[in-house]
Amino acid sequence: MLATLRAAELPAFDVASLKPSPATLPGQNIEINLGTWRHGEVVLRNTTLNDCIRFAYGLVSDEQISGPDWMRSYQFRFDIIAKAPPATPREQLLLMLQRLLTERFRLALHREPRAMAHLDLEVAPGSRKLHESLDSTESSLVSYGPGKLIYRHIPLATLAVLLSRQLKQPVFDRTGIAGFFNIDLQWLPDDLPRPSTGADAAPASEASEMSLRPDLFHAVQTQLGLKLEVRKTPVEVLMIDHAEQVPVGN
């Protein structure tokens, strides 16, 4: 009852659709949208409940959510399209999404601090090397893969989330820098595959170029003017006490 009362105090979308994602055939590729917002519309596609909660609460890592195993399983995927007035700020949209998830999944949760190894993204000494994005276009992916992360028009909080996925541990934005930036980050992956000798082998020049790249920690500092510092301090974890596998109807 307490969670319902708290949810009722949050702002609500004008209209919202939250449904299980369509079934897919074995081996079929699916397009996953972990959360976007534009002109008052929030969209998530083929996302687990864990992904939905992480986006709604601004968490950077799955380690910050403790709940039933099914919440992380892609056997349980959901599509969300929710709309508010176009000028609604992002922070307000996320509160609306928190309410939507609480009501539709009958979520009950509480917060606990846990000592956890993580990384803080900070400003490195010296000149800033970030390229500010001054246009008002939507954030977009240019290239994302092993040893490469190129995005347009993203805040540094989003960069921290992307780095956490690469490093497989939480990364928190402690830069204190607001605004949007064009990010072009390239590094030598830890699990760089051995050069292929088959017909699909990459050109020797390309493999050689990648081998000259710095590791991710040095790339962040030399290419962006930021740094990653290892920390172990209490981190807030969302403890999911209850969640329904099938959301209530629209």
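The values are calculated or read from the model by the stated rules, or taken from the named source; none is laboratory data. Keep in mind that this is a model prediction, so the values were computed, not measured. Methodologically, a virtual Cβ is constructed for each residue, glycine included, from the backbone with ideal geometry; neighbour enumeration extends over all protein chains shown.
Data for the structure
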quantity: Residue tally, condition farther than 24 Å from residue 166 by Cα and basic (Lys, Arg), over the range 54-110; calculated: 5
quantity: One residue from 84, 115 being farther than 20 Å from residue 33 by Cβ, in contact (Cβ under 8 Å) with a residue 40 or more places away in the chain and small (Gly, Ala, Ser); calculated: 115
quantity: Members of the range 159-204 found to be among the charged types (D, E, K, R) and either on the phi > 0 side of the Ramachandran plot or at pLDDT 85 or above (or both), listed by number; calculated: 168, 173, 174, 184
quantity: Residue selected from the range 123-158 under the condition among the charged types (D, E, K, R) and surrounded by fewer than 16 Cβ atoms within 10 Å (Cβ to Cβ), by the criterion modelled with the lowest pLDDT; calculated: 138
quantity: Spans of strands (runs of 3 or more DSSP E) in the range 96-178 with at least 2 residues over 28 Å from residue 10 (Cα atoms); calculated: 108-123, 140-145, 148-154
quantity: Residue count for the range 146-181, restricted to those that are of a type in the set (S, T, N, Q) and within 18 Å of residue 124 (Cα to Cα); calculated: 1
quantity: Where a residue in the range 147-166 is among the polar types (S, T, N, Q) and its partner, wherever it lies, is not in a loop (DSSP other than H, G, I, E, B), with Cβ under 8 Å and at least six apart; calculated: 158/151; 164/119; 164/171; 166/149; 166/216
quantity: Identity of the residue in the range 62-95, assigned to a helix (DSSP H, G or I) and touching a Ser or Thr at 6+ places or on another chain (Cβ under 8 Å), that ends up surrounded by the fewest Cβ atoms within 10 Å (Cβ to Cβ); calculated: 72
quantity: In the range 230-248, the residues that are in a loop (DSSP other than H, G, I, E, B) and touching a Lys or Arg at 6+ places or on another chain (Cβ under 6 Å); calculated: 244, 247, 248
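Here is a yes/no grid of residues against (1) touching a Phe, Trp or Tyr at 6+ places or on another chain (Cβ under 6 Å); (2) modelled with pLDDT of 95 or more; (3) within 20 Å of residue 110 (Cβ to Cβ):
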site	(1), (2), (3)
7	no, no, yes
22	no, no, no
36	no, no, no
41	no, no, no
46	no, no, no
55	no, no, yes
85	no, yes, no
